[in-house]
1. Consider the candidate values (1) 136; (2) 174; (3) 99; state which one is volume of the Cα convex hull per residue in Å³ computed from the structure displayed.
2. Take peptides 51-64, 152-165, 29-42 and line them up by average Cβ neighbours within 10 Å, highest first, as a rough protection proxy.
3. Going highest first, how would you order 112-120, 82-90, 69-77 by mean Cβ packing within 10 Å?
4. Roughly to the nearest percent, how much of the accessible area of the range 40-155 is carbon and sulfur, given a 1.4 Å probe?
5. FRET efficiency for Arg96 and Arg49, Cβ-Cβ distance as r, R0 = 45 Å, nearest 0.05?
6. Return the equivalent ellipsoid semi-axes of the range 109-168 as a descending list in whole Å, where each equals the square root of 5 times an eigenvalue of the C-alpha gyration tensor.
7. Karplus couplings for the range 118-131 from phi (6.51 cos²θ - 1.76 cosθ + 1.60, θ = phi - 60°), rounded to Hz, Gly and Pro as x?
8. By how many degrees, between 0 and 90 and to the nearest 10, does the Cα long axis of helix 2-15 differ from the longest principal axis of the chain?
Amino acid sequence: MKKAFASLLLAFLFGGCAGYQLGPATPAYLRQVHSIAVPTFANTTLVPRIEVLVTGTVIKQFQQDGTFRIVSADVADATLKGEIVGVSRSPARSVRGNVLSTNEFNLNMAVRYTLLGRDGKALGAAGAVSGATSFFRGSDVSTDERQAMPLAAEELARHLVSQLSEGW
C-alpha cells in the first residue's frame, strides 16, 4: 500500500515536468541549426568602421549565450547576414538655464538581419533589432559618442541573440 502510494505521489509530482527538456530551447524552425557563421555586417550608415565592433559584439554574445557555436562559413549550419542600418544621436537632457545646449544624449543603433541555411534560403523571417544607451557631453561630442557605441552594440547583440536563440 505504501509503495503504491509513493509511486502514485512520484508520478503526480513529476508528471508536470514531462514536457520539459534540458538544454537550449530553440524555436522549431531552428532545431537542426547547431552552428552559425557570422561574417562582418554591412554598414549603410555614415558612421565609419563600426562593422567590426557590432559583428564582434554579436559573436561574443553568441558565445556567452551558448545556444549556437560560432564556426566558419564552410562548416556552419546557418549564416547570419547583418546590415547596420542606423546610428542616431538625439538630445536627452539640456543644460540648466540654456535649453539650446544639450548635456546628455541618447545613442540608438539599428541592425537588420537574416539567417540563411546551408542552401542559401532564409530560415524564418528577416528581423530587426536595436540597441540604445545614453552618454553625457564632454569637451568633444564625437569622441563621447564613439565611446558610447560599444554599450549600444552590447544591448543590440543581446536582443539579436535572444531573438534567434529563444524565438522572441
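1. Given (1) 136; (2) 174; (3) 99, the structure-derived one carries the label (2).
2. Details: 51-64: 18.1, 152-165: 21.1, 29-42: 16.0.
Highest-to-lowest ranking by the protection proxy: 152-165, 51-64, 29-42.
3. Output ranking for 112-120, 82-90, 69-77: 82-90, 112-120, 69-77.
4. Whole-percent figure for carbon plus sulfur exposure: 49.
5. Here the calculated transfer efficiency is 0.80.
6. 31, 11, 7
7. Taking θ as phi minus 60°, the curve returns 4, 7, x, 8, 5, 9, x, 7, 5, x, 9, 9, 9, x Hz for the range 118-131.
8. The answer is roughly 30 degrees.
The values are calculated or read from the model by the stated rules, or taken from the named source; none is laboratory data. Since the structure is predicted, the reported quantities are computational estimates derived from the model, not experimental observations. For neighbour counting, all protein chains shown are included, and Cβ atoms are generated from backbone atoms with ideal geometry for every residue, glycine included. To get the accessible areas, we keep the full protein, side chains included, count just its heavy atoms, and leave off ligands, DNA and RNA. Shrake-Rupley method; radii C 1.70, N 1.55, O 1.52, S 1.80 Å.
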